[in-house]
Amino acid sequence: MSYEHYTSTEPLRQGLNKVVVRAGQIMYNISTTGGVCMINSVTFENFRGLRHLELPELSQITLLTGKNSAGKSSVLEGIFLLMGHASPDTFEKIRSIRGLPAATDITKLWEPVFYNLDTSKSLTISAKCNNQSLLLDYARDESFSSFDSTQEVLNTFISFTNPVNPVYALRYSFSDGNTHESGHLFVNAAGNLAMGADPKSKTNPTNALPNTLIVRSAAAYGIDDATIAGWFGDLELNDGKQQVIEALRIIDPDITDIKTIVQQRYVQLYIKTKHSTLPLKLSGDGMCKLAYLVLAILHSPNSIILIDEIENGFHYSMQEAFWETIGAAAKTSNSQIIATTHSYECISHAVEGITRAGMRNDFCLYRLGRAGEKNQAVHYSGDLLKDAVESYMEVR
């Protein structure tokens, strides 16, 4: 099993049948150029199970908690869609994150992200990103015809089985407060998905969106060896090796070194302890996940990193040190971490660990809930959350 990652800056291959995703961990990377950027607030309308949800105050480290089906994972996917809308395979990536097979009908590609699968109402995601307004809107458009379209086709990918019923196009529009882009996702004459931009649309917004990475947790954790070795090599060249070693000592205090070893053209990381030298993959799922998260954060400065079920794979006894490490890595890389959890232990240890990392003023928690069709969100600042945990208040 391995992580899969993609960047929106690399060209999509014509005629790509599907986005290949192996079982287990799934990680995607939407890579853009640009400086420091952080989501300050976000609002969802008719997205997934979120009829309307506002998160008016996000911090550099934000935890999302709540009961099952409260919308925690949907928030991560919505942010991912907002930042990756310019890549036409983003819908397929979101399907893969949910463990769904590749779509054989174009409408099944995007209908699941609409509230109650109802595409008669537009889907809107808006956000403040470093106090710059972002607005993304998707709407069903049955009047659009690819045959008389004057749109410039940006990318074509993913072949679909011709459905019995006629398919419709999905219109999109995006603005960053200064420029506007719009166009359609549709099936072209060859039966492939195409993304077309309106001729008058400005497809290069004034300010580039931040690099955004999403990680989905599962029962077992896999690592793409070449990717993680490459990340580690970049950090080693920039004197970041020791920080990675110190992070992994949370699990095994006997670690003395990390090495990149190539055998028969196969590259992987090895963990050296006082007693042995073993491949990272043989060091346990928790060690693999910790190495991956720390390397991803440190290797992706000025990024937004979205992590689902962040506590999975880590024993409660190491979670305070884990959160201190995550806080320190976020501070070093100037990255924003938005993560979900079900665990009260994870929350309480996060308060202590992030405080020790000097990041409590840059930390908050949202408890998401639902009353009928109404979505709710209760905000806790770092200080308020610390008081709540010390008073044994239920914040999940």
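Laboratory data are not the source of any read-out in this text; all were calculated from the coordinates shown. All of these numbers come straight from a predicted model, not from anything done at the bench. We place every Cβ from the backbone using ideal geometry, glycine too, and count neighbours over all the protein chains shown.
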Seminar exercise, completed: Once GLN132 and ARG356 are pulled to full extension, the length gained, defined as 0.36 nm per residue separation minus their Cα-Cα distance, is 77.5 nm
For this session: Against the globular-protein guess of 2.2 N^0.38 Å, express the Cα radius of gyration of region 323-396 as a ratio, rounded to two decimals.
Result: 1.15
Exercise. ASN302 versus HIS180, label points 7 Å from Cα toward the beta carbon: distance in nm?
Worked result: 2.9 nm
For this session: Tell me the trypsin sites (Lys or Arg not before Pro) within region 212-313 that lie in a loop according to DSSP and have at most 15 other beta-carbon atoms within 10 Å.
Result: ARG249, ARG265, LYS274
Exercise. For region 364-396, list residues with backbone N below 12 Å from a point placed 7 Å from the Cα of GLU54 toward its Cβ?
Worked result: 377
For this session: Based solely on C-alpha atoms, express the radius of gyration and the Dmax of region 44-111 in angstrom.
Result: 13.0, 39
Problem set entry | Cross-link partners of LYS200 among aspartates and glutamates (Cα-Cα below 15 Å; sequence separation of 8 or more within a chain) | GLU152, GLU181
Problem set entry | Hits among aspartates and glutamates - C-alpha to C-alpha of LYS241 under 18 Å, sequence gap 8 or more where chains match | ASP225, ASP252, ASP254, ASP257, GLU324
Problem set entry | Segment ASN188-VAL262, extension gain: residue separation times 0.36 nm, minus the distance between their alpha carbons | 22.2 nm
Exercise. Pairs of lysine in region 37-160 with Cα under 21 Å and at least 8 positions apart or on different chains: total?
Worked result: 4
Exercise. Per residue, what volume in Å³ does the Cα convex hull of region 245-376 take up?
Worked result: 139 Å³
Exercise. Roughly what % of Cα-Cα distances in region 255-303 sit above 14 Å, to the whole percent?
Worked result: 58 percent
Seminar exercise, completed: Env charge @ ILE125, Cβ radius under 11 Å, K,R +1 / D,E -1, value -2
Exercise. Between ASN68 and GLU236, what length comes free when the chain is fully extended (0.36 nm per residue of separation minus the Cα-Cα distance, one decimal in nm)?
Worked result: 56.4 nm
